[in-house]
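Quick note: the coordinates plus some simple rules give every number you see, no bench work behind them. All of these numbers come straight from a predicted model, not from anything done at the bench. With ideal geometry, Cβ positions are generated from the backbone for all residues, glycine too; neighbour counts draw on all protein chains shown.
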C-alpha cells in the first residue's frame with residue numbers, strides 16, 4: 001500500500017480538524033519532535049503507531065495545548081492553537097494513561113467539577129448519561145481512590161466525553177487495562193468513531209490500533225515516517241510496514 | 001462571571017477533598033501547635049515577663065509561615081497526582097483562574113488554621129491577640145504569603161525535590177511580607193496607634209497586590225511545558 005501525502009485544502013472547503021505543520025519540540029538537548037507534518041480531516045479516525053520514545057505523547061500534548069511547541073504550528077478547526085487555545089480547548093477531549101481525576105472525590109463530584117470548568121448547561125443530565133455510558137452509575141457516589149484501574153479509566157472516558165468534544169485525543173488508552181476494561185473501552189471508542197468525531201489514537205499495539213481507524217501513521221524518532229489509508233491494509237501487512245519503517249528510518 | 005465561577009469551582013473541589021481527608025488541615029494545625037509549644041518552652045528559659053511580648057510576634061508568624069509552607073506543598077502535589085493539573089489545564093479557561101483558585105483555597109485553609117492558633121498562642125504566651133486590627137494584619141500577611149507561595153508551589157511541584165525546594169525559594173521572597181507582618185503585629189501588641197503601624201500595613205497591602213499580580217502574569221509559563 002502506498003503512503004499518502006497531506007493534500008492542500010481547497011478554497012471554500014472546510015479546514016482539517018487537526019493540522020500540524022513542521023512541529024518541533026525540544027526538551028533541553030533532547031528533541032522529541034523533529035518537524036512533524038500531519039493533517040486529520042473532520043470525522044476521521046487516525047491511529048498513530050510508534051515505538052516507545054517515538055514522540056507520540058509529546059505530539060498529543062502539543063495538539064491538546066498542554067505543551068508549547070518549540071517551533072511549528074498546530075491548527076484545530078482552522079484556528080491557530082497558540083492564539084486561540086482557551087476557546088479551542090472546549091473542543092478537545094483527552095484520554096491518557098493518567099486519568100486526570102481526583103482520587104478523594106467521588107465519580108459524580110469529579111464530573112460535576114469538570115462540568116463547572118466547562119460551563120456545561122444541564123450538567124446533571126450529562127453527568128448521569130456519561131456515567132451510564134461507561135457503566136459506573138451505580139458506583140457514582142464512591143470515592144475514585146476505591147476504584148479499580150479499569151473503573152478509573154472508564155471514568156476518565158466519561159470525563160473526556162462529558163463536554164461532547166469534536167476532537168478526541170487518546171494517548172495509549174489501553175495501558176494497564178484488563179480484558180473486560182479493554183472491551184469496555186473498545187465499545188466506547190466505537191461509539192466515538194461512529195459519532196463523526198475526529199480521533200487520534202496513539203498506541204504501539206498494531207492490532208488494537210488498526211481495529212477502528214480510517215488512516216494509520218507511524219511516528220518514528222520524532223517524525224512521521226509513514227502514513228496510509230486503512231482500506232486494504234491487514235494486520236500482517238501493517239506489521240511488515242511497521243518493521244520496515246522502524247528498522248530503516 | 002464564568003471566570004469567577006471556575007475559580008470558585010476549584011475552591012469548592014479543594015474544600016470537598018480536604019473535608020474528606022483532612023490531611024492538609026491536620027498537618028498544618030499540629031505542626032503550628034508544635035512550633036508554638038517549642039518556642040514557648042525555649043523562651044520560658046531565657047525570656048521572662050513583659051519581654052515575652054517582644055518575641056511573641058516573631059514566634060506567631062514563624063508558626064503561620066511553616067504551616068503555610070505545609071499547605072502550599074500539598075496544594076499542587078494533589079494536582080500533580082494522577083495528572084489532575086493537566087485536567088485543569090485542558091479546561092477552556094484562562095490558566096490564571098487555576099492560580100487564583102488554588103491561592104484562594106490556600107488562603108482559606110491558612111486562615112482557618114490561624115483562627116484556631118490564636119487562642120492556643122494566647123494561652124501559651126499570655127498575650128491577648130483578640131484585636132480586629134490584628135485580624136486585618138493576619139489576612140493581609142496570609143494573602144501576600146499565599147500569593148507568592150502558590151506560584152512557587154506550582155513551579156516546585158514539577159520537581160522531584162519539591163518539599164525541600166519550596167521553602168528554599170519561598171522564604172527569601174516572602175521575607176518582606178513576614179517582616180512587615182511581624183512589625184505590624186508588634187505594634188498592635190505594644191499598644192501603638194494605627195497611624196504608627198500604617199507604613200507596615202501599606203507594605204502588606206502592596207505585597208498582597210503585587211505578588212498575585214506578578215503571578216497572574218507568569219503563571220501560564222510556570223505550568224506549561
*If r is the Cβ-Cβ distance from residue A:187 to residue B:169 and R0 is 60 Å, what FRET efficiency results, to the nearest 0.05?*
0.80
*Could I have the simple spin-label model distance between residue A:221 and residue A:123, label points 7 Å from Cα toward Cβ, reported in nm to one decimal?*
4.9 nm
_Structure-based [θ]222 nm, chain A - -39500 (n - 2.57) summed over DSSP H runs of at least 4, per residue, nearest 500_ = -9500 deg cm²/dmol
_Using a Förster distance of 30 Å, the FRET efficiency for residue B:218-residue B:115 (Cβ separation, nearest 0.05)_ = 0.45
*Measure off 7 Å from each Cα along the Cα-to-Cβ vector at residue A:178 and residue A:234, then give the distance between these two points in nanometres to one decimal.*
3.4 nm
*Pick from A:81, A:235, A:192: which residue has the top mean-square fluctuation in a GNM of chain A where Cα pairs under 10 Å get a spring?*
A:235
_For q values of 0.09, 0.10, 0.17 Å⁻¹, compute log₁₀ I(q)/I(0) with the Debye formula on a Cα-only model of chain A, without solvent._
-0.39, -0.48, -1.33
*Given chain A, what percent of its DSSP beta bridges are antiparallel, to the nearest 5?*
55 percent
_Starting from a Cα-only point model with no solvent, please compute log10 I(q)/I(0) by Debye for chain B at q = 0.16 1/Å._
-1.08
*Quick one: divide the alpha-carbon radius of gyration of region A:104-195 by 2.2 N^0.38 Å and tell me what you get.*
1.02
*Using only alpha carbons, build the gyration tensor for the protein assembly as shown and give me the equivalent ellipsoid semi-axes, biggest first, whole Å.*
51, 22, 19
*Treat the count of other C-beta atoms within 10 Å as a stand-in for reagent exposure and order A:29, B:95 from fewest to most.*
A:29, B:95
*Taking the alpha-carbon centroid of each part, what is the distance from region B:181-199 to region A:88-147 in angstrom?*
50 Å
*Average beta-carbon neighbours from other chains, 10 Å sphere, peptide B:89-98*: 6
*asked:* Tell me the angle of helix A:149-161 to the major Cα principal axis of chain A, expressed in degrees between 0 and 90 and rounded to the nearest ten.
replied: 80 degrees
*asked:* For chain B, take the longest principal axis of its alpha carbons; what is the angle in degrees between that and the long axis of helix B:2-21, to the nearest 10 within 0 to 90?
replied: 70 degrees
*Would you mind ranking A:56, A:83 by Cβ crowding within 10 Å, fewest neighbours first?*
A:83, A:56
_Calculated on alpha-carbon atoms, Rg and Dmax of region B:84-143 in Å_ = 16.5, 51
*In nanometres, what is the gap between the two model label sites at residue B:158 and residue A:141, each 7 Å from Cα along Cα-to-Cβ?*
4.0 nm
_Give me the inter-chain shielding for A:100-110: mean count of other chain Cβ atoms within 10 Å, whole number please._
5
_Please rank B:156, A:73, fewest neighbouring Cβ atoms within 10 Å first, as an exposure proxy._
A:73, B:156
